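K.L.:
Below are the structure tokens for one structure; questions will follow.
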Amino acid sequence: MPLIKGGSFVADPFVLIADEAPLPDVGGAIVSLTRFRKDRDTLMARNAPIGVRLKSDESPEQLGDDVHRLSVVVIEFPAFRDGRGFSWARMLRTRLNFTGEVRATGAFLYDQIAYLVRTGFDAFEVPDGFPLAEFNRALAEMSAVYQPSADGKKTIRDLRSGK
Amino acid sequence: MYRYDEFDAKFVAERVAQFRGQVQRRLSGELNEDQFKPLRLMNGLYLQLHAYMLRIAVPYGTLSARQLRMLAHIARKYDRGYGHFTTRQNIQFNWPKLVDVPDILADLASVEMHAIQTSGNCIRNVTAVHFAGAAADEIEDPRPIAEIIRQWSSLHPEFVFLPRKFKIAVSGSAHDRAALKFHDMAVEIVKNAIGEVGYRVLVGGGMGRTPYIGYVVGEFVAKQDILAFLESVMRVYNQSGRRDNIYKARIKILANALGPEEMKNQVMREFTEIRARGTLQVPDEELARIDAYFAPPEFEELPDDMPAGDKDFQNWIKTNVHKHRAPGYAIATISLKPIGGVPGDASDAQMDALADLMDTFAITEIRVSHEQNLVLPHVRKRDLPAIFARLSELGLATPNAGLITDIIACPGLDYCDLANARSIPIAQDIAKRFADLDRQHDIGELKIKISGCINACGHHHAGHIGILGVDKKGVEYYQLQLGGSGAEDASIGDIMGPGFGEHEIGPAVERVVKAYLMLRQDGERFLDTYRRVGMEPFKNMAYLDQLYAAH
């Protein structure tokens, strides 16, 4: 799937490894939480970047301190209505102080992109043919925000008080 | 009242432009109805039985004369000449065309109004007591904190796709006029033992098919901490609220499953962290800035005597005029429940005329109550006779506030595609049966609330007499519930038994009221008598004529 990061399409340096598939010898691998738990030590010993893909009912807190050993956490949106991912990303950034990539995948909508960015996502798996201009337009539609979130954006209250 | 600054104005203007784009994409076929649905819902646009319905937010129920005129204009230009005030202090228009909706929203933006988050699984328009800033028993005006909550909840990136909708109410006095305990979350302004003002926070109330009374999750939250506390509750809900079953997705189900202790633990864990970060703390300057918008008008020194008038005027004073905190002033309720009318409806001409009346009598704001009436919060007592005369000409002086004909009813099957049964004709029929004013006064305070389906938009669980419309094999039936209350003594009504047909429910209500009149002791309201004697005598009476009917 095309991956948007840092405002442009980028090659995905990771490969998603199914639970039963063998781990590749080299290169970044993304595995499920179940697989991560099962093969944690092997993964850590591979000396390659690791990613974990969380289902929408899996809190990143389940990763414990290992979260800081990860390069990417992928959060699934099984349906656009399932908004748990927004809290998971927020939690990764502001509770767990995770500084790696937080990637959104699944059924999120164009109109949720701005919320994803605000809550701490910085990488987005989009459908084939999705125009980059759309992505940037989604971020430009609402210029000001009322709430502090994980993006550190100045809020309307900050602007009011001249901060 | 609150005035938008440049930032609020830009926020709403950008939101209108965004929705205009979405409507264009829908009309051009780029978006299908499935994709468009969540977008329109976030902007208050429903697709109902016959047409689109637009629900416009009236934050904490407060409107200026200018805003009321704009609602009249919208009713006239884009609708069929009327609007419907709802139990959540909003107004709904039942016949807008999709292509017109961006223009309607632009018109609203020009008077600092919007339809943001009046639908969808997000934090809905915040409601507050309709006597805010005027009631004699108020600790503080609840609207400043309601405005702070409105801003915080507007397009909150983390909480726009919650398990289900989320309704917050705010009250400023111990006497609960905002049905706090039936809300997903409620904020009650309280004073602690050393006289500091803060907030008590309740969660988990709700109606619908499984009604619950909310419980306290924060006994005393300091003013600066309130947003951090509310955000904590929201995060617990967004993480753990059920998403597998739409009927179990409201926070009331989670709150009941966790229980108060575990809920408090989870909320406190979030709160400790969010508070420590400090970014959600509300500084004193911000509280003061918002407070200043809601400063009460300067009250003149006036004699406190109630002016004389004829019997009609006296009757209106008796029920529709309430005690104000300032001597010489009063609070006046404008009933939107004319006998035989549609509860909560107002015409464009009535709204325009009310705006003129506000200007004439220097009344700067008008309120929408959750009981689907309007309220003039600051009226000089000496102006009451002239105001009553004008309201009488407009058909807005029905002297029934709080009486049996002041019925709450949802739109029901006449408009709503969720409804199982009609509500409006039942309300009209009952009102006609009790039209005699002396009889209404004899009966006293009796709140009838009617919902056309289990979703309970008509608050039937909280009615002294609640009526629930159900569909039985394509026929409308109405169940009676007795003993509900939405006040500080909140309770959920008890179901009486098998339902009544559409022609039987009116007579059954009459028999229930007759039973009350026979059973009551000195000074008891209907609710008091019911609580003392229980269901049995009422039930016997209600089904009296049905003993031989087959059900």
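Read-outs throughout are calculated quantities, based only on the coordinates presented, and are distinct from any laboratory measurement. These numbers come from a predicted model, not from an experiment. As a convention, Cβ positions derive from the backbone with ideal geometry for all residues, glycine included, and neighbour counts pool all protein chains shown.
K.L.:
Take peptides A:120-128, A:71-79, B:408-416 and line them up by average Cβ neighbours within 10 Å, highest first, as a rough protection proxy.
P.N.:
Highest mean packing first, the order is B:408-416, A:71-79, A:120-128.
K.L.:
How large is ³J(HN,Hα) for each residue in segment B:192-197, as worked out from phi by the Karplus curve 6.51 cos²θ - 1.76 cosθ + 1.60 (θ = phi - 60°), to whole Hz, x for Gly and Pro?
P.N.:
Rounded to whole hertz, the list is 8, 4, 9, x, 7, 9.
K.L.:
Which residues' amide hydrogens lie under 5 Å from the amide hydrogen of residue B:345, considering only partners 5 or more residues apart or on another chain, with H built in the peptide plane?
P.N.:
Amide H to amide H, under 5 Å and 5 or more residues apart or across chains, residue B:345 pairs with B:85.
K.L.:
Taking each pair of distinct Cα atoms in segment A:3-160 once, what is the resulting Kirkwood hydrodynamic radius in Å?
P.N.:
16.4
K.L.:
Here's another thing I want to ask about it. Give me the dipole magnitude in Debye, nearest 20, for the protein assembly as shown about the Cα centre, with unit charges on the beta carbon: positive for Lys and Arg, negative for Asp and Glu.
P.N.:
920
K.L.:
Let me check I've understood the local charge: for residue B:96, count other residues with C-beta under 13 angstrom from its C-beta, Lys and Arg +1, Asp and Glu -1. What total comes out?
P.N.:
Counting the neighbours of residue B:96, the net charge comes to +2.
K.L.:
Quick one: which residues, 5 or more positions from residue B:334 or on another chain, have an amide H under 5 Å from its amide H? H modelled 1.01 Å from N in the peptide plane, none for Pro or chain starts.
P.N.:
B:374, B:375, B:376
K.L.:
Dipole of the protein assembly as shown (Lys/Arg Cβ +1, Asp/Glu Cβ -1, origin at the Cα centre): which of B:460, B:119, A:129 lies farthest to the positive side?
P.N.:
A:129
K.L.:
Output the relative contact order of chain B, whole-number percent, from Cα pairs under 8 angstrom with separation of 6+ residues.
P.N.:
13
K.L.:
If you don't mind, there's one more thing I want to ask. Quick one, can you get me the convex hull of the C-alpha atoms of segment B:311-393 expressed as volume per residue in Å³?
P.N.:
Residue-normalised Cα hull volume stands at 102 Å³.
K.L.:
Right, here's the next one. Run through the DSSP bridge list for the protein assembly as shown and note the antiparallel percent, rounded to the nearest 5.
P.N.:
Restricted to the protein assembly as shown, the bridges split so that about 65 percent are antiparallel.
K.L.:
Continuing with the same structure: Determine the calculated [θ] at 222 nm for chain B from helices alone, applying -39500 (n - 2.57) to every DSSP H run no shorter than 4 residues and normalising by the residue count; nearest 500 deg cm²/dmol.
P.N.:
It comes out at -11000 deg cm²/dmol, rounded to the nearest 500.
K.L.:
Note the per residue figure in Å³ for the convex hull of the C-alpha positions in the protein assembly as shown.
P.N.:
175
K.L.:
Got a sec? Charge dipole of segment B:6-109, +1 on Cβ for Lys and Arg, -1 for Asp and Glu; which of B:82, B:12, B:44 is way out at the positive end?
P.N.:
Of the candidates, B:82 comes out farthest on the positive side.
K.L.:
Using the Cα centre of chain B as the reference point, and only Cβ charges (+1 on K/R, -1 on D/E), how large is the resulting charge dipole? Debye, rounded to the nearest 20.
P.N.:
Dipole about the Cα centre, nearest 20: 1480 debye.
K.L.:
Could you tell me what fraction of 2.2 N^0.38 Å the Cα radius of gyration of segment B:6-109 comes to, as a two-decimal ratio?
P.N.:
Against the empirical 2.2 N^0.38 Å value, I get 1.06 for segment B:6-109.
K.L.:
What does the charge dipole of segment A:3-160 about its Cα centre add up to, to the nearest 20 debye, if the Cβ of each Lys and Arg holds +1 and the Cβ of each Asp and Glu holds -1?
P.N.:
640
K.L.:
Just to confirm the number: angle between the C-alpha axis of helix A:84-94 and the first principal axis of chain A, 0 to 90 degrees, nearest 10?
P.N.:
90
K.L.:
Considering the options B:426, B:503, B:316, tell which one lies farthest towards the positive end of the dipole of chain B, charges being +1 on Lys and Arg and -1 on Asp and Glu at the Cβ, about the Cα centre.
P.N.:
Value: B:503.
K.L.:
For the residue pair residue B:489 and residue A:62, what label-to-label distance in nm results when each label sits 7 Å from Cα along the Cα-to-beta-carbon direction?
P.N.:
Going by the 7 Å Cα→Cβ label model, 4.9 nm.
K.L.:
Please give the calculated 222 nm ellipticity per residue for chain A, where each DSSP H segment of at least 4 residues contributes -39500 (n - 2.57) and the sum is spread over every residue; nearest 500 deg cm²/dmol?
P.N.:
-7000 deg cm²/dmol
K.L.:
Can you tally the net charge around residue A:86? Count Lys and Arg as +1, Asp and Glu as -1, for every other residue whose Cβ sits under 9 Å from the Cβ of residue A:86.
P.N.:
+2
K.L.:
Something else about it: Can you tell me the Rg and Dmax of chain B, counting just the alpha carbons, in angstroms?
P.N.:
22.9, 70
K.L.:
Sticking with this one: Please give the FRET efficiency for residue B:284 paired with residue B:13, using the beta carbon to beta carbon distance and R0 = 22 Å, rounded to the nearest 0.05.
P.N.:
Given R0 = 22 Å and the Cβ-Cβ separation, E is 0.15.
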